[in-house]
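Read the structure below first, then the notes.
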Amino acid sequence: MATVKSKNRTAEARPQSPPATPITREQRYQMIAEAAYFRAQKQGFCGNPAQDWLEAEAEIDRILLHRDQSELSPKQMFQQKLEAQLKELDTLFDNLKLQASLGKAELRTEVEKQLESLAHKRRDAQSKLNELSRRTEGAWEDLKVGTEKAWDEMRQTLNQIAERFR
């Protein structure tokens, strides 16, 4: 490895990989569409297209999230993970709202109450994420546990609501 000298200090030069090219919304959409298609094809086009899409979206978001993480700090990696999870939650939340609106009145009322509870938890998680972004690299760890707990509670509530439609 080459040695690079700069004002009074010597450091080993690491080969730098080129920075990742940002993915546009259209490119992300196309990637999800292709992944959803291949999921449906694997099932002989007999599955649930909405579920295929949601799973493909989560898969693509995970792939995009893990690109070039070697250049990210642990805090940045955690923030990106939470942002992707919140985006996934929002998609599932919207899907459940649609399913609830198409359901029977009694079920719809009950699910809407649960969705409101979930929306409150989602706002809390967004607040924690915002607080996390304001913290320095050295002072963010104390928020990590609370943020992960909030995510687990949201996921649990979401699973309970989704179970009503199975």
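Read-outs throughout are calculated quantities, based only on the coordinates presented, and are distinct from any laboratory measurement. Just so it is clear, the structure is predicted and the values come from calculations on it, not from any experiment. As a convention, Cβ positions derive from the backbone with ideal geometry for all residues, glycine included, and neighbour counts pool all protein chains shown.
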Is there a pair in Lys87/Lys113; Lys113/Lys149; Lys75/Lys113; Lys104/Lys144; Lys87/Lys149; Lys42/Lys87 whose C-alpha atoms are over 28 Å apart, and which pairs would that be? Lys75/Lys113; Lys104/Lys144
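What are the GluC sites (Glu not before Pro) within the stretch 84-166 that DSSP puts in a loop, where the Cβ has at most 12 other Cβ atoms within 10 Å?
Of the GluC sites (Glu not before Pro), the ones in loops of the stretch 84-166 whose Cβ has at most 12 other Cβ atoms within 10 Å are Glu137.
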Simple spin-label model, 7 Å along Cα-to-Cβ: Gln51 to Asn130 in nm? 3.6 nm
Only sites in a loop by DSSP and with at most 14 other Cβ atoms within 10 Å count here; which chymotrypsin sites (Phe, Trp or Tyr not before Pro) in the stretch 29-85 make the cut? Phe45
Quick one: grab Rg to one decimal and Dmax as a whole number for the stretch 73-166, Cα atoms only, in Å. 15.1, 51
Length released on extending from Asp94 to Asp152, taking residue separation times 0.36 nm less the Cα-Cα span: 19.0 nm
Can you check what the net charge comes to around Leu98, using other residues whose Cβ is under 14 Å from the Cβ of Leu98 (Lys, Arg +1; Asp, Glu -1)? 0
Residue separation between Ser73 and Ser101 times 0.36 nm, minus their alpha-carbon distance, gives in nm 5.9 nm
Residue-ordered couplings for the stretch 72-77, obtained by feeding phi - 60° into the Karplus form 6.51 cos²θ - 1.76 cosθ + 1.60 and rounding to whole Hz (Gly and Pro as x), are 9, 7, x, 5, 5, 5
If you take every residue apart from Ile32 with its C-beta less than 13 Å away from the C-beta of Ile32, what net charge results, scoring Lys and Arg +1 and Asp and Glu -1? -3
